[in-house]
Amino acid sequence: MQPQQLRLLSRQLVRQLGMLDCYCGSFKLTPAQAHALIELEQSPCTVNQMAQKLNIDKSNASRTLAILLNQGLVQTTVNPDDKRSQLSQLTPTGQQTLTALHQQLNQHMQNILDQMECDEVNQLESSLYRYCRSISAAENQQGFTLRTITPEDNPSVAAVIRRVSSEYGLTADKGYGVADPTLDSMYQVYADKKNHYWVIEKDHRILGGGGVASLAGSDNLCELQKMYFLPQLRGKGLARMLAVKALNFARKQGYSGCYLETTENLKEAVALYQSLGFVTVPHALGDTGHDACEVRMLKTF
């Protein structure tokens with residue numbers, strides 16, 4: 001899918017769901033007002049909190065809550081944690097209105113779901129969840145750059161690998177990747193056209209990297225290698241973005257699948273690989289030389 005195709009489908013979705021209308025359903029509530037009521041159903045909010053939840057500026061959040069207050073759908077109390085601000089919460093009328101809105105919109109959604117087979121519904125749920133996660137990740141990744149490794153990056157990449165390995169107790173004497181003799185020459189290792197290594201940097205400082213290369217001892221598998229990230233990168237979806245880029249590269253190179261070895265110590269990494277469709281295999285594939293890595297995973301293309 002190309003960006004313009006995703007934009008087109010997103011526009012169609014927004015229009016067909018009536019998100020460009022002045023009101024939600026048959027209720028005299030704008031989309032922003034309806035979303036504010038839904039958030040207040042979860043918990044009371046300050047203006048700043050509402051702005052953050054709805055991803056709008058403070059003035060819009062303040063205006064939205066003021067209108068709901070005038071309509072008797074919301075009431076305010078002094079914020080016990082900060083007496084300079086107020087907490088907005090639903091009134092009984094607001095809760096009744098929201099309950100009716102939920103019922104109407106849920107029925108509308110059910111009418112849509114009734115057009116789809118069970119497997120399609122499950123796929124839709126998974127895809128929409130990933131779409132929303134990707135939107136958030138893209139916002140969190142502002143200021144970070146993903147690029148191909150250069151010869152000048154060798155010392156920084158080796159330093160990242162050694163630091164992260166030390167953090168997780170992956171010492172050289174135990175046979176982990178940090179013991180590889182090529183650690184200080186990563187650019188040269190991935191110079192072959194069927195191999196590639198990427199780094200992630202911010203403010204000209206390399207904070208992580210990962211690559212893909214032909215799996216030694218295998219005819220048509222590649223291996224996801226040297227995925228190491230400093231704490232500053234974690235939780236922003238950058239590891240997933242790099243892994244996706246590596247997998248797309250591997251497909252274009254004609255590999256039939258991608259193999260990796262890791263350890264249970266790297267719980268976040270294992271969860272990431274599972275989310276990308278890697279499955280655990282009982283025996284090691286190829287000849288990686290990393291006998292200490294007890295978790296072996298494969299994704300076929």
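Each value in this text was obtained by applying a stated rule to the coordinates, not by laboratory testing. In this text the structure is predicted, and so the values were computed from the model without any measurement. Quick reminder, even Gly has a Cβ in these numbers, built from the backbone with ideal geometry, and neighbours come from all protein chains shown.
Take every DSSP beta bridge with both residues inside the chain and express the antiparallel ones as a percent of the total, to the nearest 5.
Counting only bridges with both partners in the chain, antiparallel ones make up about 90 percent.
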Cα-centred dipole magnitude for the stretch 145-211, charges only on beta-carbon of K, R (+1) and D, E (-1), debye, nearest 20: 160 debye
Principal-axis tilt of helix 238-252 within the chain, Cα atoms, nearest 10 degrees: 60 degrees
Net length gained if the chain between residue 89 and residue 52 were fully extended (0.36 nm per residue, minus Cα distance): 11.7 nm
Helix axis angle, 118-140 relative to the chain longest principal axis, alpha carbon, degrees: 80 degrees
FRET E, pair residue 39, residue 168, Förster distance 41 Å, beta-carbon r, rounded to 0.05: 0.60
Rh by Kirkwood over Cα pairs, then Stokes-Einstein D for the chain at 0.692 mPa s and 37 °C, µm²/s: 143 µm²/s
Nearest-20 debye value, the stretch 101-153 charge dipole, Cβ charges on Lys, Arg, Asp, Glu: 200 debye
Size of electric dipole in the stretch 1-135: Cβ of Lys, Arg +1 and of Asp, Glu -1, about Cα centre, debye, nearest 20: 600 debye
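At 0.36 nm per residue, minus the direct Cα-Cα distance, what do residue 267 and residue 13 gain on full extension? Give it in nm, one decimal, please.
87.8 nm
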Alpha-carbon centroid distance for the pair the stretch 90-168 / the stretch 270-292, whole angstrom: 25 Å
For a label point 7 Å along the Cα-to-beta-carbon line of residue 28, residues of the stretch 63-80 with backbone N under 15 Å: 67-74
Cβ-based charge dipole, the chain, positive-most Cα from 29, 158, 277: 29
Tensor-based shape of the stretch 145-300 (alpha-carbon gyration tensor, a/c under 1.5 rounded, otherwise prolate or oblate): rounded
Rel. contact order, % - alpha carbon contacts under 8 angstrom, at least six apart, the chain: 11 percent
Radius of gyration and maximum dimension Dmax of the stretch 3-115, Cα, Å: 15.8, 51
Full-extension gain in nm, residue 67 to residue 79, via 0.36 nm per residue minus C-alpha separation: 2.4 nm
Residues of type lysines that residue 193 reaches as a straight line, Cα spacing below 26 Å, ignoring anything fewer than 8 places off in the same chain: 226, 245, 252, 299
